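See below for the structure under consideration.
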Amino acid sequence: MPLDHRRLRGPEESQPPELWAAGTGAVPEKEEEEDAAPQDPCALRPLFARAGLLSQAEGSAYVELGGGTKVLCAAWGPREAAEPGAAAAAAAAGGGRLLCEFYRAPFAGRGARRRPGSAAERDAEREAAAALREALEPAVRLARYPRARLAVSALLLQDGGSALAAAISAAALALADAGVEMYDLVVGCALCRLPGPAAAWMLQPGEPEERRAVARLTVALLPALNQVSAVLGGGQGSPPDDWAQALRLGLDGCHRLYPVLRQSLLRASRRRDATAAAATTTTA
């Protein structure tokens, strides 16, 4: 059956929203933000991760954070480099190329948002794609894929805060699900600091906190090697000691998230082996 490229890529198995909305009353966003209890700065939001969702991609992963952030990633490769010049450059550099794409669904944001397809929206997507590549490249063994390219595409389905960190974790999970050789999974963790002289750094902030933040930080870590692959962010009004504290807090958050992603990858591998065994038995 031919693919409809005009539609957004999504999981092939889905359930109607009415199933989850039954018996719950809708709460306006402003009231929800006002009534929300203050978050523990060191607490992590619940994380759900699943690999191997899309049959049309060689590797895929879905990551959801408590609070509404939902990211779907697909990975392909290795494939022969399309452009001869790019292949020569990759060979000269001693490895293949990692191509990253980042897209926001038109319905991803809440409240005020950029117009879909606008120049500001495209610039934000290109910036996020560059950050994604910077975080993933140190973990991928590109030297194993000379004259080849690997591709990762991330789709932000809903932005509830910490979207880039969730995309980094989902993209690493999709690459591993595709069988790409990696040194370790990359785990992303976001932090922000709210206005105020005594404000503390907050792990995995929600979208309201990110909107009011004066400083932001996203840390990408290879936990098994204890190696930082990227530190992204910026802000104002924080002395160097505060940034060092934020980095330590982010590294601790990455180590705490790592077992969830690892177990998700193991479950996907077991499902794939069970499917292959069932197909072999049926054929026999």
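The values are calculated or read from the model by the stated rules, or taken from the named source; none is laboratory data. Just so you know, these numbers come straight off a predicted model, no measurement behind them. Note: ideal-geometry Cβ built from the backbone for every residue, glycine included; neighbour counts use all protein chains shown. Heavy atoms of the whole protein, side chains included, go into the accessibility calculation; ligands, DNA and RNA do not. Shrake-Rupley method; radii C 1.70, N 1.55, O 1.52, S 1.80 Å.
Values as computed for the structure displayed
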quantity: The range 151-216, accessible surface, carbon-and-sulfur percent (1.4 angstrom probe); calculated: 53
quantity: Relative contact order computed over the range 147-231 (Cα-Cα under 8 Å; 6+ residues apart), in percent; calculated: 28
quantity: Long-range HN-HN contacts of Gly59 with modeled amide H, under 5 Å; calculated: Ala75
quantity: Test item: Cα-centred dipole of the range 158-235, Lys/Arg +1 and Asp/Glu -1 on Cβ, debye; calculated: 380
quantity: Total charge dipole magnitude, the range 232-284, about the Cα centre, Cβ charges on Lys, Arg, Asp, Glu only, Debye to nearest 20; calculated: 440
quantity: 5 angstrom amide H check on Arg104, placed H, neighbours 5+ away; calculated: Leu156
